[in-house]
Amino acid sequence: MARIVITSGPTRQYLDPVRYLTNGSSGRMGAALAQATLEFGHKVTIISGPVSVAYPAAAEVVDVITTQEMLDATRLAFESADGLIGAAAPCDYMPRHIESHKLSKTGEGLQLSLIETPDIIATLGASKQPKQWVVGFALETEDIRFRAIVKMSRKCCDMIVSNSAEAMNSDDNSVEVILRDGSIVGQLNGPKQEVARGILLQIQKHLVERS
Ligand code: C5P
């Protein structure tokens, strides 16, 4: 039995008490991966941004809002875990300042000054223990395989799942599973539950049984 942490869903970065930046992630891939991970007999902790998807009852769920909160909760859970699957789509930018009151319209538009948020899997990939492993996801629209491999290396991942843009907010997914040496160990498409089982099979074979 391995202990596996899964990040899932979007994060939010508030501009003022009512407005925020986010993205279109539903958490469905995270939920499907959690279900598949449990079916393989592993213990699952999901660090989730705000979603309406239902996670499996047997998974521990830690709810977060911002990317920094997701990093903090994931770091804590990963300390006593064997592996991390980064299925979340964290918001990559946050406002330099958060207004404490609701911004009023002035008729002149609004200039936002944004700074980058931390990258969760890159941060934890760079500091993982030799026996720990990290799996990332990559969503690209051109040079898909090459960019996924570059991303895996840059974020210190042991495996990357390269998926198509159609995956966002869809029930289906079409992915390639790629290892550190560039070998493609899976080409999967279909409902997210089935794709998640195929991904877990490769994680089991190449990462869980290796460590
Ligand atoms: O760079 P990009 O967002 O395309 O990378 C996607 C991968 O990185 C996913 O595994 C996602 O969960 C992870 N990620 C992260 N923290 C961020 C942005 C992306 O862990 N701030």
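Could you identify the single residue in 202, 129, 187 that is at pLDDT 95 or above, over 17 Å from the mean Cα position of the chain (by Cα) and either surrounded by fewer than 14 Cβ atoms within 10 Å (Cβ to Cβ) or of a type in the set (Asp, Glu) (or both)? Let's see the steps before the verdict.
Values: 202 fails: either surrounded by fewer than 14 Cβ atoms within 10 Å (Cβ to Cβ) or of a type in the set (Asp, Glu) (or both); 187 fails: at pLDDT 95 or above.
That would be 129, the only listed residue that is at pLDDT 95 or above, over 17 Å from the mean Cα position of the chain (by Cα) and either surrounded by fewer than 14 Cβ atoms within 10 Å (Cβ to Cβ) or of a type in the set (Asp, Glu) (or both).
Somewhere in the range 141-150, is a residue loosely packed, with under 13 Cβ neighbours inside 10 Å and of a type in the set (Asp, Glu)?
Scanning the range 141-150 turns up at least one residue that is loosely packed, with under 13 Cβ neighbours inside 10 Å and of a type in the set (Asp, Glu).
Could you check the range 167-176 and list, in sequence order, the residues that are under 18 Å from residue 35 (Cβ atoms) and buried (at least 19 other Cβ atoms within 10 Å of the Cβ)?
167, 173, 175
Just wondering, is there one or more residues in the range 164-171 that are in a helix (DSSP H, G or I) and away from the ligand (no atom under 13 Å from the Cβ)?
yes
Which is buried (at least 18 other Cβ atoms within 10 Å of the Cβ) and near the ligand (Cβ under 10 Å from one of its atoms), of 37, 74, 45?
Being buried (at least 18 other Cβ atoms within 10 Å of the Cβ) and near the ligand (Cβ under 10 Å from one of its atoms) holds for just one of 37, 74, 45, which is 74.
Being in a helix (DSSP H, G or I) and hydrophobic (A, V, I, L, M, F, W, C) is the filter here, so list the residues in the range 110-138 that pass it.
From the range 110-138, those in a helix (DSSP H, G or I) are 120-127; that's our starting set.
120, 121, 122, 124, 126 - these are the residues of the range 110-138 that are in a helix (DSSP H, G or I) and hydrophobic (A, V, I, L, M, F, W, C).
Restricted to the range 10-35, and to residues that are closer than 30 Å to residue 190 by Cβ and among the β-branched types (Val, Ile, Thr), which residue is farthest from the chain's Cα centre (by Cα)?
22
Being within 18 Å of residue 211 (Cα to Cα) and away from the ligand (no atom under 13 Å from the Cβ) is the filter here; which residues of the range 111-127 pass it?
127
State yes or no: is residue 88 crowded, with 16+ Cβ neighbours inside 10 Å, small (Gly, Ala, Ser) and more than 15 Å from the ligand (Cβ to nearest atom)?
Considered against the rule, which asks whether it is crowded, with 16+ Cβ neighbours inside 10 Å, small (Gly, Ala, Ser) and more than 15 Å from the ligand (Cβ to nearest atom), residue 88 comes out as no.
Would you be able to say whether some residue in the range 93-110 is more than 14 Å from the chain's Cα centre (by Cα), within 16 Å of the ligand (Cβ to nearest atom), farther than 22 Å from residue 23 by Cα and touching a residue at least 60 places away in the same chain (Cβ under 8 Å)?
no
The values are calculated or read from the model by the stated rules, or taken from the named source; none is laboratory data. Everything numeric here is computed off the predicted structure, so don't read it as measured data. No Cβ is skipped: glycine too gets one built from the backbone with ideal geometry, and neighbour counts run over all protein chains shown.
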